[in-house]
1. Checking the condition hydrophobic (A, V, I, L, M, F, W, C), modelled with pLDDT of 80 or more and within 21 Å of Ile54 (Cβ to Cβ), which residue from Val103, Val133 passes?
2. Identify all residues within segment 32-69 that are touching a Gly at 6+ places or on another chain (Cβ under 8 Å) and either over 13 Å from Val87 (Cβ atoms) or free of Cβ contacts under 8 Å to residues at least 24 places away in the same chain (or both); write none if there are none.
3. Any idea how many residues of segment 97-112 are surrounded by 12 or more Cβ atoms within 10 Å (Cβ to Cβ) and out of contact with any helix residue (DSSP H, G or I) (no Cβ under 8 Å at 6 or more places or on another chain)?
4. Modelled with pLDDT under 85, over 15 Å from Glu75 (Cα atoms), surrounded by 13 or more Cβ atoms within 10 Å (Cβ to Cβ) and not aliphatic (A, V, I, L, M): does that describe Pro144?
5. Could we say that Glu62 is open to solvent by 50 Å² or more (accessible area, probe 1.4 Å), in contact with a helix residue (DSSP H, G or I) (Cβ under 9 Å, 6 or more places away or on another chain) and not polar (S, T, N, Q) here?
6. So, in segment 77-96, of the ones that are of a type in the set (Val, Ile, Thr) and in a strand (DSSP E or B), which residue ends up most open to solvent (accessible area, probe 1.4 Å)?
7. Give Ile54, Ile21 a once-over and let me know the one that is farther than 24 Å from Glu156 by Cβ, surrounded by 11 or more Cβ atoms within 10 Å (Cβ to Cβ), at pLDDT 90 or above and β-branched (Val, Ile, Thr).
8. From the list Arg116, Arg123, which residue is basic (Lys, Arg), within 13 Å of the chain's Cα centre (by Cα) and at pLDDT below 90?
Amino acid sequence: MTPKRKQKLFVVLGLVSLAAIAVGLTLYALRANINLFFSPIEIAAGDAPYERQIRAGGMVREGSVSRNPDSLDVEFTVTDYVEDLRVSYSGILPDLFREGQGVVVVGQLKQDGMFRADQVLARHDENYMPPEVADALEAAGYSPADFQTKAAKVAERVEARESGEGESQNQSQSQSQY
């Protein structure tokens, strides 16, 4: 082999090894930042990793929201109507967050089974179901359409209850003015 060919071979091998190192470091960095989606069914089955950033989604179970009056701490249950996932969050919830509505939470699953959310994302209307939630329901053998119907009924009950509370508050305020 001539010296010129040896030099070209070393240059090519050097470039290939540098490219391999760059690709390896990029994949390692991406692995640490990937947020995988898990449904409550998958979390209950033990498929979700503990102490790692993941996303979970479903519907907020009716009657499960409890707020701490002294802070911004909120606990609620996310359900796919098969399994439940208890979620704790500290912060201001989105305006569209309420019982019977779909949410996706981003955070970590703790060893005690509680999901500590860093971020809560609420859906924009009653007909929307996040694609991850719909796919997870179908993979578990359930129809997303059935859950949307059930969620719509729950939302109607919640709205009726809220409007009933609003009317009773308005009546009590008007009576207290006289």
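1. None of the others qualify; the one that does is Val103.
2. Within segment 32-69, Phe37, Ser39, Gln53, Glu62 qualify.
3. So the answer is 7.
4. So Pro144 passes the test.
5. It is true that Glu62 is open to solvent by 50 Å² or more (accessible area, probe 1.4 Å), in contact with a helix residue (DSSP H, G or I) (Cβ under 9 Å, 6 or more places away or on another chain) and not polar (S, T, N, Q).
6. Thr77
7. Ile54
8. Details: Arg116 fails: at pLDDT below 90.
Arg123 is the lone residue from the list that is basic (Lys, Arg), within 13 Å of the chain's Cα centre (by Cα) and at pLDDT below 90.
The values are calculated or read from the model by the stated rules, or taken from the named source; none is laboratory data. These figures come from a predicted structure and were not determined experimentally. Please note: Cβ atoms are built from the backbone with ideal geometry, for glycine as well, and neighbour counts cover all protein chains shown. The protein model used for the area step is the full one, side chains on, heavy atoms only, and it has no ligands, DNA or RNA in it. Shrake-Rupley method; radii C 1.70, N 1.55, O 1.52, S 1.80 Å.
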